[in-house]
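Below is one structure, written out as structure tokens; the observations come after it.
The values are calculated or read from the model by the stated rules, or taken from the named source; none is laboratory data. What you see is a predicted model, and the numbers here were worked out from it, not measured in a lab. With ideal geometry, Cβ positions are generated from the backbone for all residues, glycine too; neighbour counts draw on all protein chains shown. To get the accessible areas, we keep the full protein, side chains included, count just its heavy atoms, and leave off ligands, DNA and RNA. Shrake-Rupley method; radii C 1.70, N 1.55, O 1.52, S 1.80 Å.
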There are 2 protein chains.
Amino acid sequence: MSKIDHTPLIAPPILCEAHGAPLWLKCENMQQTNSFKARGAWNAVKKLRNPERGVITHSSGNHGQALAWAARMHNIQAHIIVPENAPQVKVNAIRRHGGIIHICAPGIDAREETMNAIRKEGKQTFIPPYNHEDVIEGQRSCGEEIVRDQPDLDFLLVPVGGGGLLSGCALAVNEHTPNTKVYGCEPENADDAKKSFDSGMLHHPGNPNTIADGLRTGLGDITFGYIQKYVTDVFTVSEDEIRNAWAFAVHRLKLIIEPSCAVPLAVWKKHHHYFKGKPGAMVITGGNVDLAKLPSFDESLGFI
Amino acid sequence: MSKIDHTPLIAPPILCEAHGAPLWLKCENMQQTNSFKARGAWNAVKKLRNPERGVITHSSGNHGQALAWAARMHNIQAHIIVPENAPQVKVNAIRRHGGIIHICAPGIDAREETMNAIRKEGKQTFIPPYNHEDVIEGQRSCGEEIVRDQPDLDFLLVPVGGGGLLSGCALAVNEHTPNTKVYGCEPENADDAKKSFDSGMLHHPGNPNTIADGLRTGLGDITFGYIQKYVTDVFTVSEDEIRNAWAFAVHRLKLIIEPSCAVPLAVWKKHHHYFKGKPGAMVITGGNVDLAKLPSFDESLGFI
């Protein structure tokens, strides 16, 4: 049976030179299903009390693919609710991993209605994308691998959307290397985590517009609790800063990464004075992006 | 002054699992100028007897970029002869690294005529792309890094075009870990190295048609000598095999690599029975490819 991969942690010399110290990239774009979401989905499926009933979720993104994969690896069924306007490439990926696809109308109401109708029949266990202890525990393994491979990190930069990965990484760091500071990295245009963190009140993101499409979701109550407790701060970056970091990663580091992964890289650049010279790491969360949408690089802007 | 980077050596779990042992990728696509050619150019420039005269070469490919970069890092001039039909993206890259571009008519006669006219005036030193001891010595550093980082390799797979990298890697392995077998990897459609190796006579490639555009050149007398002496064998693969390996690297490993780099990956797959279970490595030679030309992946073919 396949399982979660211990992904490579690489320190591209071009980054380290600019940084003045080792700067590690945790390559979850090379994870099973090409995103860290495989970790949470795997753990949630492994811990099911009634595996024979199968699992269900509504997601056309990486969580949907990951859950389909984790279910198949455990020989159970995964039902994935997908809105009819989801990109064909994502639907194909879910199907490739063996997911049973249910098309619904766009919008959260239609999704939940469709899901409830299916669950009424089959009693599948709903696995949400982040606000769930088993999912968070799965993402925690990403942080554990990082600090076990490199225990002397000053900081760890993690993108934050729903906060599952950030929570998990912060929990792992708190246990293994509590002197490492963990920062959430978020688009300015979807800064609910920043607002929530600063105010101590859970903010909702509304309907944010950012190219970092994996980070449009808001925190959940469970993830917010962990983030308040174990995260040092949350930094935000503009759309231009994200786009430029993304283009740099693609054109100079030659890595295929989703725009969400460029957010920590953009934070590192923006706050270079703050991080410079200290050994650090960031999570490259996934690589599921349509190649036709990869950015061009404006040489005149440079990056480092 | 910037310098040659010690590039990451990564072992993607998805590959290692299929291989049944560690399988390392030497990421020269993350090297300065995004190809191993920086190594040879850097060493050749460093060893110049008359650096003040500058250097010259005819290449619209990675060697041209690398020589422009190495010259600028040493504060000397690089003149690069480029045929008028060269892609604009390559011309821009040479200019970005500070090369002085001379456009000539297509064809080897026009190139040499243009080069000779410029050299008559400026006495620049000609740095050829591979058949030159200083260039080979530069490429050798790539092999040295690999076997120093991973001394217990059973095999090393290296693409072969002109043979500079293959010669250099074979020399390094012979010195440091002589039990590691070094194999050249070549497109069937440009199998001059295979024919030369098998017959003991230097074959010329003619005008081969392969997507592995970095491997269309033929061996030189110096590189052929080293290859005869230190290389175990040369393997060839078809265009379909190269294309499929390339698509796998892009879509599953999420690495941006040139089609030439896919040749060792295709050799590994084709001769899996031969390599399986033995710790090995291959060189990912460069990442300078137009993103619009990246391949799609035929899921039905799979790869591993």
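Some points to look at:
- Test result for B:Arg53, within 14 Å of chain A (Cβ to nearest Cβ) and in contact with a Gly (Cβ under 7 Å, 6 or more places away or on another chain): no
- Check on B:Ala66, more than 14 Å from every other protein chain (Cβ to nearest Cβ), under 22 Å from B:Gly138 (Cα atoms), touching a Lys or Arg at 6+ places or on another chain (Cβ under 6 Å) and modelled with pLDDT of 90 or more: yes
- Residue match in the stretch B:198-218 (condition: over 17 Å from the mean Cα position of the chain (by Cα), within 14 Å of chain A (Cβ to nearest Cβ), open to solvent by 10 Å² or more (accessible area, probe 1.4 Å) and of a type in the set (Gly, Ala, Ser)): no
- Qualifying residue in the stretch B:99-110 (condition: out of contact with any Pro (no Cβ under 8 Å at 6 or more places or on another chain) and either within 14 Å of chain A (Cβ to nearest Cβ) or surrounded by 20 or more Cβ atoms within 10 Å (Cβ to Cβ) (or both)): yes
- In the set (1) among the charged types (D, E, K, R); (2) over 17 Å from the mean Cα position of the chain (by Cα); (3) closer than 18 Å to A:His63 by Cβ, A:Arg140 fails one condition alone, (2).
- Taken together, A:Asn75, A:Asn116, A:Asn131 contain a single residue that is touching a helix residue (DSSP H, G or I) at 6+ places or on another chain (Cβ under 7 Å), of a type in the set (S, T, N, Q) and either more than 20 Å from A:Gly214 (Cα to Cα) or not in a helix (DSSP H, G or I) (or both), which is A:Asn131.
- Condition check for B:Ala70: in contact (Cβ under 8 Å) with a residue 40 or more places away in the chain, outside the structural domain of B:Gln150 (by TED's automatic domain parsing) and touching a helix residue (DSSP H, G or I) at 6+ places or on another chain (Cβ under 6 Å): no
- For the stretch B:122-168, a tally of residues being polar (S, T, N, Q) and open to solvent by less than 10 Å² (accessible area, probe 1.4 Å) returns 2.
- Residue, nearest to A:Ala41 (Cα to Cα), within the stretch A:78-113, restricted to residues that are small (Gly, Ala, Ser) and assigned to a helix (DSSP H, G or I): A:Ala93
- Test: residue in the stretch B:81-97 that is of a type in the set (A, V, I, L, M, F, W, C), free of Cβ contacts under 8 Å to residues at least 40 places away in the same chain, away from every other protein chain (no Cβ under 14 Å) and within 23 Å of B:Ile146 (Cα to Cα): no
- Annotation note: Cβ proximity below 7 Å between a residue of the stretch B:165-183 that is more than 20 Å from B:Lys194 (Cβ to Cβ) and a residue that is part of a helix (DSSP H, G or I) and among the polar types (S, T, N, Q) (sequence gap 6+ or interchain) occurs for no pair.
- Among (1) within 30 Å of B:His272 (Cβ to Cβ); (2) in a helix (DSSP H, G or I); (3) touching a Leu at 6+ places or on another chain (Cβ under 9 Å); (4) not aliphatic (A, V, I, L, M), the one test that B:Gly40 misses: (1)
- Test result for A:Glu258, out of contact with any Pro (no Cβ under 6 Å at 6 or more places or on another chain), within 20 Å of A:Gly184 (Cβ to Cβ), within 14 Å of chain B (Cβ to nearest Cβ) and open to solvent by less than 60 Å² (accessible area, probe 1.4 Å): yes
- Put simply, of A:Arg243, A:Arg252 the only residue that is basic (Lys, Arg), within 14 Å of another protein chain (Cβ to nearest Cβ) and open to solvent by 30 Å² or more (accessible area, probe 1.4 Å) is A:Arg252.
- Among the residues making up the stretch A:211-266, those that are part of a helix (DSSP H, G or I), modelled with pLDDT of 95 or more and either acidic (Asp, Glu) or assigned by TED's automatic domain parsing to the domain that holds A:Ile108 (or both) are A:Asp221, A:Glu239, A:Asp240, A:Glu241.
Yes/no matrix, rows are residues, columns are (1) more than 13 Å from B:Gly287 (Cβ to Cβ); (2) modelled with pLDDT of 95 or more; (3) open to solvent by 30 Å² or more (accessible area, probe 1.4 Å):
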position: B:Thr7; (1), (2), (3): no, yes, no
position: B:Pro12; (1), (2), (3): yes, yes, no
position: B:Ala18; (1), (2), (3): yes, no, no
position: B:Leu25; (1), (2), (3): no, yes, no
position: B:Met30; (1), (2), (3): no, yes, no
position: B:Ala44; (1), (2), (3): yes, yes, no
position: B:Lys47; (1), (2), (3): yes, yes, yes
position: B:Asn50; (1), (2), (3): yes, yes, yes
position: B:Thr57; (1), (2), (3): yes, yes, no
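- Condition check for B:Lys37: more than 11 Å from chain A (Cβ to nearest Cβ), closer than 13 Å to B:Leu165 by Cβ, in contact with a His (Cβ under 7 Å, 6 or more places away or on another chain) and crowded, with 18+ Cβ neighbours inside 10 Å: yes
- Scan of the stretch A:267-300 for residues that are without any contact (Cβ under 8 Å) to a residue 40 or more places away in the chain and either more than 30 Å from B:Arg95 (Cα to Cα) or assigned to a loop (DSSP other than H, G, I, E, B) (or both), ordered by number: A:His271, A:His273, A:Tyr274, A:Val289, A:Glu299, A:Ser300
- Condition check for B:Val182: surrounded by 15 or more Cβ atoms within 10 Å (Cβ to Cβ), touching a Cys at 6+ places or on another chain (Cβ under 7 Å) and outside the structural domain of B:Ala44 (by TED's automatic domain parsing): yes
- Where a residue in the stretch A:1-28 is within 11 Å of another protein chain (Cβ to nearest Cβ) and closer than 28 Å to B:Glu17 by Cβ and its partner, wherever it lies, is in a loop (DSSP other than H, G, I, E, B) and open to solvent by 30 Å² or more (accessible area, probe 1.4 Å), with Cβ under 7 Å and at least six apart: A:Leu9/A:Gln150; A:Ala11/A:Pro22; A:Pro13/B:His6; A:Trp24/A:Gln150
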